[in-house]
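Here's the structure we're looking at; comments come further down.
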Amino acid sequence: MAHLETSPRDNICRAYLADETATILKLVDDLDLVDAAQVKIVDNAAKLVEDLRRANNAGVMETFLSEYGLTTEEGVALMCLAEALLRVPDDITIDALISDKIAPADWSKHLGNSASPLVNASTWGLMLTGKVIHPIANSDWDVGVQLRRVIKRMGEPVIRKAVTQSMKVLGHQFVLGRNIDEARLRARGMEDKGYTYSYDMLGEAARTAADAQKYFMAYSTAISNLAVGCTSPDIRNNPGISVKLSALHPRYEFTQKKRIMNELVPRLSSLVFQAKNANMGFNIDAEEADRLDLSLDVIEAVLSNPDLAGWDGFGVVVQAYGPRATYVLDWLYQLGRDLDRRIMVRLVKGAYWDTEVKLAQVNGFEGYPVFTRKASTDVSYLACAKKLLSMTDHIYPQFATHNAHSVSGILSIAAGKAGSYEFQRLHGMGEGLHDLVMAQNKTRCRIYAPVGIHEDLLAYLVRRLLENGANSSFVNQVLDTDVPAREVVRDPVSAVLGYSVVPNSAIPTPARLYGANRRNSLGINFAD
């Protein structure tokens, strides 16, 4: 029987819950790195780490996580506080929340450990706060106890205000401005150093039609305000904007596909044409796995408009932590070729890992739509990077990473392709690494900059902390001189091939969540 070649879209569907072992072994084969190349990539990455440590040019996120990672009780307490504080409706509950998260922790062991005055001052304040609000023994006769109760009662309003303000200060490190004008003003310093920007209007998925309208107007206003800065005929040198599809429609889900195509496509097209007229890059942000197929339908419908001919500013974000990533790249390349367009592709590691794992477990699926090991994601990222760099006739690769090994691997694979791609980083992260990369390799670098008020920051900030707070993450380890530089940038290919079992044995498949004797109930995967 003759072999029938499947389309990229068929491959995407088949890989929804693909076997992690088979997927990773195929990606290792696709990457096809000889031992000498792997050693050289690690050597160059280790040199980047050593240069970073010598320069001591770390971003706030690296400095913060080197002291308060998610493996510490205090780091978890701060993350919980940041996530919940501004959603609490009354002072009594705020005081209880602060007491619950700050009083039990041992802040004194972090005092003076950081090279950052901001982190050290914060530690000192947290330690004093913990002393003031610590639970007091139940005694009516001790004068010292009575005095402490008075101090605690008088101090609570001050502490409440100070902790709220400190959370805003922390958030300010990762948001470029409260509005687009403030963000553009703050961006000038980095633009003078050669960076360009992609702006993201903060906010989660729309829940109502009013939410969607609000986000649409925010995007439209931002594009209008950014247009004055789009002075280069080369769109790669101009600022860009990132748009979240789930922010533009309150029912962005596969079961509402007909409604989405009728209502969201015209709405998105309006913004796309506005960006095209400004000669600005326009990126579609990634969503959860069950929205990928729907997103591809929307992207194809919008990009297929013949009035967009000749415009190379449409972009798509692809998350490497899913087994479908390489097939999505094949599909985008075919779409660009069929339409004779050049599509920007921002390759990221992935932002919703915890959510994807939990949703798959709730539904009792046979597998996960994401890899269960970090090393698997790193291998996938490099394999996707290699594929993108072979597609530059119809794809403009944008590599978003703060990991020195990933950067070193891309530079090795991209030898001789200078100018055909760019690196990207988050505002508030990876500044030292990208400064080095720009200086040493003359590559383009772009900063992904969130814009919005502090209330909109919380979910974004917690995602960043979750992504990078584990003690195994590069951002967490890069400043820790107790960890050898070569250990920080260990080769992910060797790591995955060294496991006795590729999937993480500590994470059972969703169907086997309750063990061998009780199968998990199976939900319906409407998006598959």
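The values are calculated or read from the model by the stated rules, or taken from the named source; none is laboratory data. Keep in mind that this is a model prediction, so the values were computed, not measured. For neighbour counting, all protein chains shown are included, and Cβ atoms are generated from backbone atoms with ideal geometry for every residue, glycine included. Quick note on the areas: whole protein, heavy atoms, side chains included, nothing else; ligands and nucleic acids left out. Shrake-Rupley method; radii C 1.70, N 1.55, O 1.52, S 1.80 Å.
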Heavy atoms of residue 381: accessible area, 1.4 Å probe, square angstrom to 10: 0 Å²
Where a ≥ b ≥ c are root eigenvalues of the Cα gyration tensor, a/c under 1.5 meaning rounded, otherwise prolate if a/b exceeds b/c and oblate otherwise, the range 208-254 counts as oblate
Residue-wise, which Karplus ³J(HN,Hα) couplings in Hz belong to the range 229-238, taking 6.51 cos²θ - 1.76 cosθ + 1.60, θ = phi - 60°, and x for glycine or proline? x, 8, 9, 8, x, 8, 4, 5, 8, 9
Point-to-point label distance, residue 256-residue 36, nm (Cα→Cβ direction, 7 Å offset): 5.7 nm
Residues with amide H under 5 Å of residue 283's amide H, sequence separation 5 or more or different chain, H placed in the peptide plane at 1.01 Å from N; which? 241, 242, 243, 315
Reference-scaled alpha-carbon Rg (2.2 N^0.38 Å with N residues) for the range 288-346: 1.10
Any idea what % of Cα-Cα pairs in the range 230-371 are farther than 17 Å? 62 percent
Estimated FRET transfer efficiency when R0 is 45 angstrom, pair residue 273-residue 355 (beta carbons, to 0.05): 0.90
The range 192-234 - accessible surface per residue (Å², probe 1.4 Å): 47 Å²
With the cut-off at 20 Å, tell me which of the pairs 47/387; 47/386; 244/386; 257/387; 244/276; 47/349 have Cα atoms farther apart than that. 47/387; 47/386; 244/386; 257/387; 47/349
The ³J(HN,Hα) series, computed from each phi in the range 343-348 with the Karplus coefficients 6.51, -1.76 and 1.60 at θ = phi - 60°, rounded to the nearest Hz and given as x for glycine or proline, is 9, 7, 10, 8, 8, 10
